[in-house]
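The values are calculated or read from the model by the stated rules, or taken from the named source; none is laboratory data. Computed from a predicted model, the values in this text were never measured in an experiment. Cβ atoms come from the backbone with ideal geometry, glycine included; neighbour counts cover every protein chain shown. SASA here: full protein model, heavy atoms, side chains in, ligands and nucleic acids out. Shrake-Rupley method; radii C 1.70, N 1.55, O 1.52, S 1.80 Å.
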Amino acid sequence: MVKVYLVEDEIIIRQSIKNSIDWEKEGYEFVGDASDGELALPVILKEKPDILITDIRMPFMDGLALTERIRQKYPSMKVLIFSGFDDFEYAQQAIKLNVTEYILKPVNVEELSEILTRVRKNLDEEISQRRDAALLRESYQKSLPILRAVFLNDLMRGTADFLC
């Protein structure tokens with residue numbers, strides 16, 4: 001299951017997001033929520049969610065500062081930022097932090113569900129690619145002794161083919 005963590009200072013919005021999506025049915029594990037980045041950070045470091053949904057402006061630690069801290073430890077974590085501000089400077093900072101989605105408020109449940117589905121598909125593809133790379137590396141490592149033996153045998157017989 002894909003782990004999701006939510007950070008939003010407006011309790012009504014936070015509760016609405018938290019309660020309007022059937023997380024398990026949609027294939028997610030909702031691992032928690034917080035009202036600001038400062039409260040969220042230790043839980044995020046512990047839970048290691050796959051997707052972080054955060055507001056951009058909050059007291060104590062805002063969404064951009066939180067994303068910057070998260071990127072240092074978990075560069076591949078998907079970050080969705082909500083913003084009530086159609087401000088190019090915020091969007092520019094979000095792009096620099098490699099934010100996955102920049103969503104203008106208000107956001108409805110259908111839109112958020114579509115975004116989460118798209119992000120989950122991307123995550124699944126990345127996981128599949130990493131698994132394929134790991135299998136390829138494992139196969140290579142298992143084959144290496146045989147390849148060496150064949151090469152040394154060919155070298156000793158004088159039939160080794162050197163690509164120069």
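What shape does the chain take by its C-alpha gyration tensor, where a ≥ b ≥ c are the square roots of the eigenvalues and a/c under 1.5 counts as rounded, a/b above b/c as prolate, and the rest as oblate? Verdict is prolate for the chain. Projecting the Cα positions of ILE81, ASN98, LEU155 onto the charge dipole of the chain (unit charges on Cβ atoms of Lys, Arg, Asp and Glu, taken about the Cα centre) puts LEU155 furthest along the positive direction. So what's the angle, to the nearest 10 degrees on a 0 to 90 scale, between helix 63-73 and the longest Cα principal axis of the chain? That works out to roughly 20 degrees.
What shape does the range 11-80 take by its C-alpha gyration tensor, where a ≥ b ≥ c are the square roots of the eigenvalues and a/c under 1.5 counts as rounded, a/b above b/c as prolate, and the rest as oblate? The partial results should precede the final answer.
Values: a/c = 2.02, a/b = 1.25, b/c = 1.62.
Taking the square roots of the gyration eigenvalues as a ≥ b ≥ c, the range 11-80 is oblate.
Under a 5 Å amide H cut-off, with hydrogens placed 1.01 Å from N, LYS3 pairs with GLU29, ASP50, ILE51 among residues at least 5 apart or on other chains. Checking every one of the chymotrypsin sites (Phe, Trp or Tyr not before Pro) in the range 1-87 against DSSP loop status and a limit of 15 other Cβ atoms within 10 Å picks out PHE60, PHE85.
The magnitude of the dipole of the chain, with charges of +1 and -1 set on the Cβ of Lys/Arg and Asp/Glu and taken from the Cα centre, is near 1000 debye. In the range 1-75, a dipole from Cβ-located charges (positive for Lys and Arg, negative for Asp and Glu) runs towards its positive end, and of LEU41, ILE53, ILE21 it is LEU41 whose Cα lies farthest in that direction. Distance between the pseudo-spin-label points of ARG130 and LYS96 (7 Å out from Cα toward the beta carbon): 2.7 nm.
Surface analysis of the range 88-128 yields an accessible area of 65 Å² per residue, using protein heavy atoms and a 1.4 Å probe. Rolling a 1.4 Å probe over the protein heavy atoms of the chain, with every protein chain left in place, gives an accessible area that is 54 percent carbon and sulfur.
Close amide-amide hydrogen proximity is noted between MET61 and GLY37, GLU38, each under 5 Å apart and 5 or more residues distant or on a separate chain (H modeled in the peptide plane; Pro and chain starts excluded). The label point for VAL109 and the one for TYR140, both projected 7 Å from the Cα toward the Cβ, are 4.8 nm apart.
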